[in-house]
Every structure is written in structure tokens, then in C-alpha cells.
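Here the structure comes first, spelled out in C-alpha cells, and everything after it is commentary.
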Amino acid sequence: MAERITFPGPGIELRGELIRPAGEGPFPAVVALHGCGGIFRRDGERHSPRHDDWAKRLVASGFVVLFPDSFNSRGFEQICTLKDRPITAKARGDDVLAASRWIAAQPYVDKNRLALLGWSHGASTTLWTIGQALPPDAPRLNAAIAFYPGCAAIARSDGWRPHVPLTILMGAADDWTPAAP
């Protein structure tokens, strides 16, 4: 069952959803980033089926999962339909840093076994985050998985390279975040 939490973010208090296995741990942890549709179904209460499914899979495999809610924390349910997106993937990198610091400080988490996972807008955030040199005091991310990220901005970045092992999963027929970039 998801626990609603708050933690200090970049100039705001971030909301999040925490799901963890039974027991004391320490467990590896995943910071999981929602896409442009946000973390919840339209009812605003339940995770989207994708987030719910992945949380169950990860927790069953012994991972703690933290979903930072980058949008509702800033007064937006979603940004998919907004012409000028007020929250960029690059800016959400600060949310990742805040979430990583918070989760690494929990006594039931193995701070040496942290991963980042994102879908769509969250996957683009994943790419931006792992392509930057994180502050020396930031928790170390050991792996990153990006499901269908928008890669156009990253593709235009000179010298972008991931600083952690990265898996990108794209669909050849995806017409919203095409694989070509």
C-alpha cells in the first residue's frame, strides 16, 4: 500500500508516494518518475495502472519505490495538454536530487543501491539527470532506466553522456516519442 509523504524539494515541499516491502531492510530503492500525465488516474487518488503495476513488481522483487509527484506539488495534475509546459524535464532533475537524498536517508534503504526509472517526460528527466555531474554530496545512482523518453533536446546536446549505466526502452512505432532522435 502506498504511503503519501512529503520531503524538501527545490524551493517547495514535494509530495510523493512511497511503497516498500515488508521488513526492516535495508532494501535497494528506485526513484520512479511519472510522465506528462502525472502519477494519478483522473480521480486524483489512485496510481495510473502503469505506475501501480511497476510498483507491485518492484516491491515484490525487494525494492522500495518512491514516486516524487512533480506536478501536483506545483499545482498541476498533468502537463501533456499544455502548449507551453511549465515544468521541464531538465528542471525536474532537482526533484530527482531531492528524492534521492530523502530516500537514501531512510533507515530501511541501502543508500548504496539506488536506481532511477522514468516514463516519457520522467524518462527525459532521467536522461537529463544522469547526463549531469551531480553534486559531490548527492547519493550515488547505480543504474537508470528510461521508458520512451523524448530525446530531441538530449540529441542536440553536445557531449551528452550518461554517468551511470543506462537502459533505454523505445517502441519503433511510437508516434509521440519516436525512437529516431
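So here's what we get for this one:
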{"item": "Matching entry among Ala99, Ala144 (being touching a Phe, Trp or Tyr at 6+ places or on another chain (Cβ under 9 Å) and either of a type outside the set (A, V, I, L, M) or crowded, with 21+ Cβ neighbours inside 10 Å (or both))", "result": "Ala99"}
{"item": "Matching residues, the stretch 1-33, being outside any loop (DSSP other than H, G, I, E, B), in contact (Cβ under 8 Å) with a residue 60 or more places away in the chain and in contact with a Pro (Cβ under 9 Å, 6 or more places away or on another chain)", "result": "Phe7, Leu14, Gly16, Phe27, Val31, Ala32, Leu33"}
{"item": "Within the stretch 79-96, tally of residues that are basic (Lys, Arg) and open to solvent by less than 80 Å² (accessible area, probe 1.4 Å)", "result": "1"}
{"item": "Test result for Glu17, modelled with pLDDT under 95 and open to solvent by 30 Å² or more (accessible area, probe 1.4 Å)", "result": "no"}
{"item": "Answer from Asp137, Asp94 - the residue that is of a type in the set (Asp, Glu), more than 25 Å from Gly23 (Cα to Cα) and part of a loop (DSSP other than H, G, I, E, B)", "result": "Asp137"}
{"item": "Filter result for the condition that a residue is within 16 Å of Ile145 (Cβ to Cβ) and modelled with pLDDT of 95 or more, over Arg50, Arg57", "result": "Arg57"}
{"item": "Any hit, the stretch 11-23, residues being acidic (Asp, Glu) and out of contact with any helix residue (DSSP H, G or I) (no Cβ under 9 Å at 6 or more places or on another chain)", "result": "no"}
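Per-residue answers, yes or no, for (1) open to solvent by 70 Å² or more (accessible area, probe 1.4 Å); (2) touching a helix residue (DSSP H, G or I) at 6+ places or on another chain (Cβ under 9 Å); (3) not small (Gly, Ala, Ser):
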site: Val31; (1), (2), (3): no, yes, yes
site: His34; (1), (2), (3): no, yes, yes
site: Ile39; (1), (2), (3): no, yes, yes
site: Ser61; (1), (2), (3): yes, no, no
site: Leu66; (1), (2), (3): no, yes, yes
site: Glu77; (1), (2), (3): yes, no, yes
site: Gln106; (1), (2), (3): no, no, yes
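The values are calculated or read from the model by the stated rules, or taken from the named source; none is laboratory data. What you see is a predicted model; the values in this text were computed from it and never measured. Note that we place each Cβ from the backbone using ideal geometry, even for glycine, and neighbour counts take in every protein chain shown. For accessibility, only protein heavy atoms count, side chains too; no ligands or nucleic acids. Shrake-Rupley method; radii C 1.70, N 1.55, O 1.52, S 1.80 Å.
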